[in-house]
Amino acid sequence: MTETETIKLSDYATAKGFCLTSAFWMMAATFMGLLGATELIAPAVTENIGGLVFGRVRPTHVNLVLFGFATPGLLAATFYFFPRVLQTRLYSEKLGVFTVIAWNIMLVCTVATLLSGNTQAREYAEMIWPVDILVVLAFALIVFNFFMTVQRRTEPLIYVSIWYACAAAVLTMLTYALGNVIWRPDGGALTGIPDAILLWFYGHNIFGLLLTPLSIGVAYYVVPKAIRAPLYSHTLSLLGFWALIVVYTHIGTHHLLQVPVPTWLKVVAIVDSIAMVIPVMAFLINIWYTARGKLGAIHADIGAKFVFTGTIMYFFVSIQGSMMALPQVQRVTHFNNWVVGHAHIGVLGFSGMIALGGLYYVLPRMTGKPLFSRFLADFQYWLILIGVVGFTVILTIAGLIQGNAWLNGETVYRVLPEIHLYYVIRAALGVLIFVSAVLGFYNIARTMFMPERGAG
Amino acid sequence: MYFPYFATYMAVGIALAIAAFVWALKNGQFTDQQRARFLPLEDDAGAGEVKRSRMGRLEILALGFLACAGLAASAAVLVFALVSF
C-alpha cells in the first residue's frame with residue numbers, strides 16, 4: 001500500500017469532529033448575536049431572564065463565533081489538508097478526537113459560565129481561569145499533533161499552508177496564555193493601563209494570529225485545488241507569511257490611541273498597522289493571480305466560492321483596518337458601530353466565509369460522499385453575503401452618525417434615537433445569518449450521516 | 001511595572017520566529033520553490049455528483065420554505081421599521 005492510499009483510507013475523524021463542531025456552534029453563536037441585536041432595539045425583551053441580559057449575551061456571542069464557529073471550521077479543513085500536503089498520516093487521530101472533545105467541553109463551559117455571570121470582564125478575554133486553561137491545553141494538543149505530523153512527513157518541502165497553520169497554533173497558545181494573565185487565576189488581569197495594553201495585545205492577536213493565518217492557509221490549499229492549477233508564486237506566499245509574523249504581533253495598541261499608553265508603543269502599533277499592507281497584498285495578489293482566468297472553476301465549486309469571496313472581504317477589512325489605525329481617522333471611527341461593522345467583515349466575511357468554504361470543500365472528499373445539497377449551500381452563501389454586506393453598510397452609517405455626534409459633544413440620549421433604525425435593520429440582517437447557520441448545520445450533518453449512494 | 005510582560009511577549013515571539021526561519025533555511029525550505037507551487041495538487045481526491053432523491057427534494061423544498069419564511073420575517077421587520085420612522 002502506498003503512502004497516498006494509506007492517507008485516503010484514514011477516516012479524518014478529527015477533521016469531521018471539528019466540522020460538526022463548527023456547524024453546530026455557528027447556530028448557537030449567531031443566535032446569541034441575533035438575541036443581542038434584538039435587545040438593543042427592545043431592551044425589555046429579556047428583562048426577567050437574568051442569564052440573557054445584553055452584558056452576558058454579547059461576550060457569549062463573541063467567544064462562540066471565535067472559538068465555536070470560525071476556528072473549528074478552519075481547523076476542520078486544516079486537519080484534512082495537513083497530512084495530505086505533507087504526504088503522511090496525521091500523527092494521532094485519537095489525540096485529535098480527544099482535542100475535539102476537550103474543545104467542545106470548553107465551549108459548553110464558556111456558555112455556562114458567561115451566561116451565569118462568571119466572567120473576567122475583559123473584552124474578548126471574558127472566560128474565567130479554568131476555561132482559559134482548557135483553551136491553552138487544547139491549543140497545546142493541536143501544536144503537538146501538528147509538529148509530530150510535520151516531523152513524520154515524507155514530502156521534504158513544507159507548503160505555505162502548513163507554515164500558516166503551525167504559526168497560528170503556536171502563537172495563539174502563547175498569546176492566549178499571556179493575554180489572559182493565566183498566572184493570576186483569581187482575576188485574570190493586571191491593573192489599570194498595563195492591563196489594557198496587555199489585553200489588546202491579546203484582543204487583536206486572537207484575530208490576527210489565529211483566524212488570519214488559519215484562513216490564509218485554507219485559501220492557499222483550496223483555491224489551487226479547486227482550479228487544478230499551481231500556486232502563482234510560493235516565494236511570494238512565504239514573503240507574506242514572514243511579513244505577517246514580523247508586523248502583526250505588535251499592533252494591538254492601536255486600540256488604545258486615545259489612552260495614556262507610552263507613545264513609542266502607539267507609534268509601533270500605527271506603523272505596523274500600515275505595514276500590514278505588505279503581507280495582505282502579498283497574499284491577495286498571489287491568490288488572485290492563481291485564480292486569474294479560472295473564475296468559472298471557482299464558481300463551480302461551492303467551497304472555492306466561499307473561500308474566494310472571503311479573500312475579497314479580506315481586502316476590504318485590511319484596508320479599513322490600516323486606515324482605522326491612523327489617529328485622525330480614529331477620532332471619528334473609534335468607540336462606535338463602525339468598529340462593529342469592521343469586526344463583522346473580518347470575522348464573518350473573511351474568516352467565517354473561508355471556514356465555511358473549507359468545510360464545504362473538504363466534506364465530500366473526506367466522507368467520500370457528495371454534498372447533501374448544493375442548493376442549500378448556495379442559499380447559505382447568499383444569505384451570509386447579503387447579511388455581511390448589509391451589516392457593513394448599516395453599521396458604518398450608524399458608526400459615522402455616532403462618531404460625529406461624539407465629536408460635536410452631543411449627549412448619548414439624543415443620538416440613540418437617530419441610530420435606532422439602523423439597529424432594527426441590523427437585527428433583521430441577523431435573522432439571515434441565523435437562518436443560514438441552521439441550513440448549513442442541516443446540510444453538513446446530512447452529508448456526514450446520510451446513507452451511501454443508492455440508498456435513496 | 002508592565003514592561004517585563006511586553007519584553008517577554010516580543011522576545012519569545014522574535015526568538016521563535018528566528019529559530020523557525022533558521023531551521024527552514026538550513027533545511028532547504030527556500031529552495032525548489034517551483035515544485036512547492038504544485039504541492040497541493042499532488043493528491044487529487046475527487047467528489048462525486050450530487051445524488052437527487054424524492055425525499056431529498058421534499059426536504060430541500062421544506063427547508064427552502066423555512067428559509068424564505070425567515071427572509072420574509074426580515075423583510076417584515078425592515079418594512080415595519082421604515083414605516084414606523
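These residues, B:CYS68, A:CYS109, go from largest to smallest accessible area, 1.4 Å probe, as B:CYS68, A:CYS109. Computed on chain A, with alpha-carbon pairs under 8 angstrom and 6+ residues apart, the relative contact order is 17 percent. Packing here is the average count of other Cβ atoms within 10 Å per residue, and on that basis the peptides A:151-162, A:220-231, highest first, run A:220-231, A:151-162. Taking the centroid of alpha carbons for each part, region A:379-430 and region A:152-221 are 30 Å apart. Look at the stretch A:221-227: the mean tally of other chain Cβ atoms within 10 Å of its residues' Cβ atoms is 2.
Taken residue by residue and averaged, Cβ atoms of other chains lying within 10 Å of the Cβ of A:76-84 number 1.
When each of the peptides A:64-72, A:435-443, B:21-29 is scored by how many other beta carbons lie within 10 Å of its residues on average, the order from highest to lowest is A:64-72, A:435-443, B:21-29.
Between A:ALA300 and A:VAL259, the modelled labels are 5.1 nm apart [label points 7 Å from Cα along Cα→Cβ].
Take the accessible area of A alone and of B alone, subtract that of the pair with a 1.4 Å probe, and the total buried over both chains is about 5300 Å². A simple rule links phi to the HN-Hα coupling: the Karplus curve 6.51 cos²θ - 1.76 cosθ + 1.60 with θ = phi - 60°, which for region A:392-409 gives 4, 5, 5, 6, 5, 4, 4, x, 5, 4, 5, x, 5, 5, 4, 5, 7, x Hz, with x for Gly and Pro.
Rounded to the nearest 500, the helix-only mean residue ellipticity at 222 nm of the protein assembly as shown stands at -24500 deg cm²/dmol, with each DSSP H run of n ≥ 4 adding -39,500 (n - 2.57).
Judged by the mean number of other Cβ atoms found within 10 Å, the most tightly packed of the peptides A:348-354, A:275-281 leads the ranking A:348-354, A:275-281. Averaged over the residues of A:231-237, the number of partner chain Cβ atoms lying within 10 Å of the residue Cβ comes to 4. Rounded to a whole number, what % of the accessible area of region A:46-189 do carbon and sulfur atoms account for, probe 1.4 Å? Carbon with sulfur: 67 percent of the solvent-accessible area. With every protein chain in place and a 1.4 angstrom probe, the accessible-area ranking of A:HIS255, A:HIS234, A:HIS299, largest first, reads A:HIS299, A:HIS255, A:HIS234. Extension gain, A:ILE49 to A:ILE274: 0.36 nm times the residue separation minus the Cα-Cα distance gives 76.6 nm. A simple charge model with +1 on the Cβ of Lys and Arg, -1 on the Cβ of Asp and Glu and nothing else charged puts the dipole of region A:358-456 at about 420 debye relative to its Cα centre. In order along region A:434-449, phi translates into HN-Hα couplings of 5, 4, 4, 5, 5, 4, x, 4, 4, 4, 5, 5, 5, 4, 6, 10 Hz, rounded to whole numbers, per the Karplus curve 6.51 cos²θ - 1.76 cosθ + 1.60 with θ = phi - 60° and x for Gly and Pro.
The values are calculated or read from the model by the stated rules, or taken from the named source; none is laboratory data. What you see is a predicted model; the values in this text were computed from it and never measured. All Cβ positions, glycine included, derive from the backbone under ideal geometry; neighbour counts span all protein chains shown. Just the protein is used for accessible areas: all its heavy atoms, side chains included, with ligands, DNA and RNA removed. Shrake-Rupley method; radii C 1.70, N 1.55, O 1.52, S 1.80 Å.
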